[in-house]
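A.B. asks: Here's a structure for you.
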Amino acid sequence: MNTKSPSIRIFAFFISAMTLLSIARIFAHTNDLTSRGTMAAAFGLAVPIGLAGLGGLWSERAGIVNIGLEGMMILGTFGAGWAGWQWGPWAGVLGAVTFGMLGAVLFAIVTVSFGVDQIIAGTAINILGLGLAQFLAKLAFSNAPGGGQSQSPPVKGLLPSVTIDFIANPLNTLQQKGWFVISDLAGMISGLFYHLSFLTILTVILFVLTAWILWRTSFGLRLRSAGESPSAAETLGINVIKYKYIAVIISGSLAGLAGAYLAIVGTNVYRGGQTAGRGYIGLATMIFGNWRPMGTGIGATVFGYIDTLQLRDNANIRGLVLFGALVLIALAFLGLRSGVRATSLAFLIIGSALVGGFLASTNMAPEVAQVAPYVTTLLVLATASQRLRPPATAGMAYRKGESR
Amino acid sequence: MGDAPIAVQLTGIWKRFPGVIANSDINLSVRRGSVHAIVGENGAGKSTLMKILYGMQKPDEGTITISGTEVIFQSPSDAIDAGIGMVHQHFMLADNLTVLENIILGSEPTQRGVIKNETALTRLTQLAQQYGLDVPFNSFVSELGVGARQRIEILKVLYRGASILILDEPTAVLVPHEVDELFSALSDLKAEGITILFISHKLDEVLAIADDITVIRAGSTVATVNLHTQKVSADDLAEMMVGSELPTPETRGSTVTDKVLIDVSNLSVLTAAGKPLVDDVSFKIHAGEVLGIAGVEGNGQAEIVDALMGVIKSTGVLVYDGEDISKWSTRKRREQGFGFIPEDRMRQGLLLETSLWENRMLGHQTLKPNSNGFLLTPADAKSDTARIVDEYDVRTPNIDVFASALSGGNQQKLIVGREMSSNPKFLLAAHPTRGVDVGAQAAIWDHLRMARQSGLAVLLISADLDELIGLSDTIKVLLRGKFVADADPLTVTPQELGTAMTGVKKRDEIGNTS
């Protein structure tokens with residue numbers, strides 16, 4: 001395992017996942033499991049989660065655990081609704097980023113300058129963000145035509161979106177043939193080029209840009225050093241406080257951008273409760289992704305995919321349950337081979353139980369079916385977390401000159 | 001020789017902290033291209049002085065002159081610009097960054113913001129070869145041992161073009177052959193005209209490497225000796241430092257009884273991935289016996305100690321005073337007479353942001369004088385802490401200050417005092433005198449000897465081989481989780497032990513050359 005390069009490992013992981021998904025699709029008799037519509041919707045839902053996760057990544061890389069992402073995202077949705085309603089969608093994006101940033105500046109002052117516990121400060125930002133957005137919405141939208149106490153009038157116009165027909169259409173035809181693995185891959189790629197919002201493209205660019213900035217530039221190295229060993233960084237003449245501020249503010253802008261996606265692309269209004277905990281899920285995907293952009297992106301896509309299937313046909317849920325079961329069983333066999341017996345057996349039992357549930361009912365209770373994917377994710381995370389490499393000082397307050 | 005240009009000149013430096021005067025009227029001049037040692041007790045003000053010279057703290061009074069120009073440092077970056085580099089006692093390295101990243105951090109060669117790794121690598125490879133400082137540039141620091149970490153720190157400083165190098169207790173964590181490597185690298189640096197400030201309290205090492213020695217006592221410079229023109233012995237230096245004779249760790253006469261107190265059989269500790277860190281190790285310790293374990297750090301010593309304390313999972317049987325205690329909790333082991341001097345006092349020994357008397361309770365919070373069985377008894381704990389502070393000469397303004405306010409050596413004295421106060425039957429001592437000055441070292445040795453006389457069994461781990469040989473009744477050499485050799489402390493030399501520790505000599509009795 002360890003001798004392979006990371007890119008080969010990721011590729012092998014991806015192909016095995018697609019194979020299992022394909023098996024699940026065939027046995028659950030549901031072509032929609034990997035259809036273009038499902039995939040396109042999954043990528044759509046992945047965008048706000050991914051942006052929040054990317055925001056979390058920036059701040060944690062500089063040693064600040066930003067649990068306030070949710071609050072900054074709520075502020076973002078308000079900013080998008082308010083500015084978008086008056087001056088159109090582009091202004092909405094700008095408004096969202098600005099509002100997210102304001103939340104972040106406050107968070108940075110409290111955590112970086114005053115060294116307040118980051119979890120407490122983050123929770124406060126979440127409560128504050130929610131309350132402030134509700135209050136401002138009441139002020140701004142109550143008497144506006146088409147608005148209400150907790151809803152903005154519609155955003156004027158749409159952001160551009162693209163469909164690349166010559167890629168999306170032939171692949172879609174291929175998907176509908178229902179061939180093993182090939183059709184599933186085709187559906188997935190087709191979904192990537194179908195009704196592609198400007199913000200989705202921007203998100204992909206931001207992921208690549210983040211990886212490049214943090215791991216290739218001197219700015220990125222210095223920012224990461226502020227999270228790995230601030231005292232070492234300080235002895236080398238690096239302004240740790242400055243980098244922490246920058247990281248948190250970028251984090252807040254990305255959370256705001258996630259809010260913009262929800263309010264402008266997802267729907268076209270600001271609505272109370274729109275974020276629905278995606279800030280926290282974003283944070284979880286970042287941990288799932290081992291504090292790296294690539295992993296965070298994959299994590300966000302997985303969560304987006306699970307979300308999508310729940311909104312679609314119930315047959316999909318059955319397919320997803322079977323997929324989860326297959327993943328657990330596959331992991332169990334891998335684990336048994338490398339000698340991790342207890343966990344592997346537990347995986348095998350849970351996996352088999354899920355297969356049993358799948359076979360026993362043609363129409364699963366939606367509640368049971370809906371938790372199954374998350375249970376699977378948790379179990380996978382529980383084993384993966386042993387190899388995680390978080391920034392060494394994430395969550396710790398740093399005072400200048402503390403180095404001993 | 002005596003009239004080389006002056007690289008560093010400190011005049012009348014004063015530094016006061018609330019309640020303490022760290023430096024009072026320090027005067028120091030260092031010749032270019034020399035190794036200038038600064039020796040003094042723990043808390044004498046050596047580290048504060050170096051922090052001032054490196055711009056981490058500002059002096060209250062006094063001037064710093066570098067190569068004839070007076071300077072005022074606002075931050076370490078000013079000092080770096082002036083050509084000063086510092087290798088800290090506690091390494092300043094980020095574990096999750098690569099060696100290369102750690103070295104270039106803050107002075108990255110870039111092209112429009114993008115780091116040019118090749119440029120850095122070429123330069124570093126050349127530096128590494130020039131001074132014999134070999135490190136794997138693309139590994140993570142977390143994968144490397146202390147010797148390599150120190151080489152990284154030195155490279156870090158050289159990479160920045162430093163001409164004045166401050167080394168704060170550089171040999172504290174090294175084994176003898178690593179010390180030799182360091183000293184040969186230092187000689188190379190000196191030959192290139194680099195000035196080295198060497199802080200230490202190991203007097204024989206200082207005598208071996210230094211050109212000049214300055215002694216600091218209670219914050220002031222007491223004397224400067226030029227080793228080329230003046231003759232001075234370790235005893236003379238010790239007297240200047242503390243006004244007492246240089247102690248030796250020698251124990252007189254054996255106190256080993258025939259009562260087996262600790263009997264460990266087939267102890268193994270595995271990593272999460274199933275790799276053995278401690279590999280099927282068995283040993284016995286009698287009452288009144290000190291068993292010394294020699295080994296390069298990271299060969300399983302820490303794991304043996306943690307397994308015996310019951311803080312990590314292990315397999316094997318542990319018999320204590322005739323009873324199988326493998327299943328006992330750490331708490332019960334503690335209560336039944338296990339004393340523990342941990343290897344890393346900041347991580348396992350103390351709560352830094354907590355007062356001394358509360359630290360006194362730690363690990364003994366269920367026993368008198370800290371508890372009456374149900375409630376804590378702070379008043380008794382406080383008076384007992386005052387006794388420890390007194391008996392073990394812990395230098396502190398009072399017992400209500402945070403443990404972080406104490407210098408490393410004084411923290412260590414507090415821990416040793418705490419552990420000895422509960423009259424342990426079995427003591428696990430990892431580096432009991434690490435970072436402790438000569439005076440306090442002697443006191444700790446005395447306490448250990450007295451306890452041993454009254455039947456204490458000790459498992460001793462130490463990087464200080466003189467200490468190990470001097471205190472132990474039996475020595476075992478640990479390499480990659482296994483005992484590879486036994487040594488007789490009466491005949492073995494530190495050099496022989498050092499060779500066995502690195503695995504050059506295979507399984508046999510060392511020290512019995514006759």
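The values are calculated or read from the model by the stated rules, or taken from the named source; none is laboratory data. What you see is a predicted model; the values in this text were computed from it and never measured. Methodologically, a virtual Cβ is constructed for each residue, glycine included, from the backbone with ideal geometry; neighbour enumeration extends over all protein chains shown.
A.B. asks: Quick check on segment B:87-99: of everything there that is facing chain A (nearest Cβ under 7 Å) and either hydrophobic (A, V, I, L, M, F, W, C) or in a helix (DSSP H, G or I) (or both), which residue is farthest from B:Thr171 (Cα to Cα)?
C.D. replies: Among residues in segment B:87-99 that are facing chain A (nearest Cβ under 7 Å) and either hydrophobic (A, V, I, L, M, F, W, C) or in a helix (DSSP H, G or I) (or both), the one farthest from B:Thr171 (Cα to Cα) is B:Leu97.
A.B. asks: Quickly run through segment B:107-158 and pick out the residues that are within 14 Å of chain A (Cβ to nearest Cβ) and of a type in the set (Asp, Glu).
C.D. replies: B:Glu108, B:Glu118, B:Glu143, B:Glu153 - these are the residues of segment B:107-158 that are within 14 Å of chain A (Cβ to nearest Cβ) and of a type in the set (Asp, Glu).
A.B. asks: Take the residues in segment B:179-195 that are under 25 Å from the mean Cα position of the chain (by Cα) and of a type in the set (Val, Ile, Thr); name whichever of them is surrounded by the fewest Cβ atoms within 10 Å (Cβ to Cβ).
C.D. replies: Of everything passing the filter in segment B:179-195, B:Val179 is surrounded by the fewest Cβ atoms within 10 Å (Cβ to Cβ).
Yes or no, residue by residue, for (1) out of contact with any Pro (no Cβ under 9 Å at 6 or more places or on another chain); (2) of a type outside the set (A, V, I, L, M, F, W, C); (3) assigned by TED's automatic domain parsing to the domain that holds A:Leu262; (4) surrounded by fewer than 14 Cβ atoms within 10 Å (Cβ to Cβ):
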| site | (1), (2), (3), (4) |
| --- | --- |
| A:Lys156 | no, yes, yes, no |
| A:Ile164 | yes, no, yes, yes |
| A:Ile167 | yes, no, yes, no |
| A:Pro170 | yes, yes, yes, yes |
| A:Leu174 | yes, no, yes, no |
| A:Gly178 | yes, yes, yes, no |
| A:Ser183 | yes, yes, yes, no |
| A:Met188 | yes, no, yes, no |
| A:Tyr194 | yes, yes, yes, no |
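A.B. asks: In segment A:225-258, how many residues are assigned to a helix (DSSP H, G or I), under 17 Å from B:Ile103 (Cβ atoms) and among the hydroxyl-bearing types (Ser, Thr, Tyr)?
C.D. replies: Adding up the residues that qualify gives 3.
A.B. asks: Are any residues in segment B:359-386 touching a residue at least 12 places away in the same chain (Cβ under 8 Å) and outside any loop (DSSP other than H, G, I, E, B), and if so, which ones?
C.D. replies: B:Asn359, B:Arg360, B:Met361, B:Leu376, B:Pro378, B:Asp380, B:Ala381, B:Lys382, B:Ser383, B:Asp384, B:Thr385, B:Ala386
A.B. asks: Follow-up question, since we're still on this one. Just to be sure I understand the filter: pairs with C-beta atoms under 6 Å, separated by 6 or more residues or on different chains, first member in segment B:335-350 and closer than 13 Å to B:Met420 by Cα, second member part of a loop (DSSP other than H, G, I, E, B). Which pairs pass?
C.D. replies: What qualifies is B:Gly337/B:Pro424; B:Gly337/B:Lys425; B:Gly339/B:Pro424; B:Ile341/B:Pro432.
A.B. asks: Could you tell me whether any residue of segment B:434-444 is in contact with a strand residue (DSSP E or B) (Cβ under 6 Å, 6 or more places away or on another chain) and crowded, with 21+ Cβ neighbours inside 10 Å?
C.D. replies: Here is the first cut: in segment B:434-444, the ones in contact with a strand residue (DSSP E or B) (Cβ under 6 Å, 6 or more places away or on another chain) are none.
Checking segment B:434-444: not a single residue is in contact with a strand residue (DSSP E or B) (Cβ under 6 Å, 6 or more places away or on another chain) and crowded, with 21+ Cβ neighbours inside 10 Å.
A.B. asks: Same structure, new question: Yes or no: A:Gly146 out of contact with any Phe, Trp or Tyr (no Cβ under 8 Å at 6 or more places or on another chain), surrounded by fewer than 15 Cβ atoms within 10 Å (Cβ to Cβ) and outside any helix (DSSP H, G or I)?
C.D. replies: Yes: the conditions hold for A:Gly146.
A.B. asks: Looking at (1) surrounded by 24 or more Cβ atoms within 10 Å (Cβ to Cβ); (2) more than 14 Å from chain A (Cβ to nearest Cβ), which is the one condition that is false for B:Ile84?
C.D. replies: Just one mismatch for B:Ile84, condition (2).
A.B. asks: Among B:Ser282, B:Ser254, B:Ser233, which is at pLDDT 85 or above and not β-branched (Val, Ile, Thr)? Steps first, please.
C.D. replies: Numbers: B:Ser254 fails: at pLDDT 85 or above; B:Ser233 fails: at pLDDT 85 or above.
On inspection, the qualifying residue turns out to be B:Ser282.
A.B. asks: Further question on the same structure: Could you check segment A:293-362 for helices (runs of 4 or more DSSP H) lying wholly inside it with 3 or more residues that are of a type in the set (Ser, Thr, Tyr), within 23 Å of the chain's Cα centre (by Cα) and away from chain B (no Cβ under 14 Å)?
C.D. replies: Filter on segment A:293-362 gives A:293-311.
A.B. asks: Given the conditions (1) in contact (Cβ under 8 Å) with a residue 60 or more places away in the chain; (2) at the interface with chain A (Cβ under 8 Å from one of its Cβ atoms); (3) not in a loop (DSSP other than H, G, I, E, B); (4) not aromatic (Phe, Trp, Tyr), and given that B:Asn102 satisfies all but one, which numbered condition is not satisfied?
C.D. replies: (1)
A.B. asks: Those residues that are in contact (Cβ under 8 Å) with a residue 12 or more places away in the chain, touching a Gly at 6+ places or on another chain (Cβ under 8 Å) and within 11 Å of another protein chain (Cβ to nearest Cβ), I need them from segment A:201-224; list them, please.
C.D. replies: A:Arg222 - this is the single residue of segment A:201-224 that is in contact (Cβ under 8 Å) with a residue 12 or more places away in the chain, touching a Gly at 6+ places or on another chain (Cβ under 8 Å) and within 11 Å of another protein chain (Cβ to nearest Cβ).
A.B. asks: Out of (1) at negative phi; (2) touching a residue at least 40 places away in the same chain (Cβ under 8 Å), the odd one out for B:Asp280 is which?
C.D. replies: B:Asp280 satisfies all of (1) at negative phi; (2) touching a residue at least 40 places away in the same chain (Cβ under 8 Å) except (1).
A.B. asks: I need the full set of residues from segment A:291-341 which are at positive phi and touching a Leu at 6+ places or on another chain (Cβ under 8 Å), in order please.
C.D. replies: Passing the criteria: only A:Trp291.
For every residue, the table says whether it meets (1) over 25 Å from A:Ala96 (Cα atoms); (2) outside the structural domain of A:Gly71 (by TED's automatic domain parsing); (3) of a type outside the set (Ser, Thr, Tyr).
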position: A:Gly227; (1), (2), (3): yes, no, yes
position: A:Ala232; (1), (2), (3): yes, no, yes
position: A:Tyr243; (1), (2), (3): no, no, no
position: A:Ala247; (1), (2), (3): no, no, yes
position: A:Gly279; (1), (2), (3): no, no, yes
position: A:Ala284; (1), (2), (3): no, no, yes
position: A:Gly304; (1), (2), (3): no, yes, yes
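A.B. asks: I would also like to ask the following. Need the failing condition index for A:Phe14 against (1) in contact (Cβ under 8 Å) with a residue 60 or more places away in the chain; (2) part of a helix (DSSP H, G or I), just the number.
C.D. replies: Condition not satisfied by A:Phe14: (1).
A.B. asks: So which residues in segment A:196-224 are out of contact with any Pro (no Cβ under 6 Å at 6 or more places or on another chain), assigned to a helix (DSSP H, G or I) and among the β-branched types (Val, Ile, Thr)?
C.D. replies: Correct list: A:Thr200, A:Ile201, A:Thr203, A:Val204, A:Ile205, A:Val208, A:Ile213.
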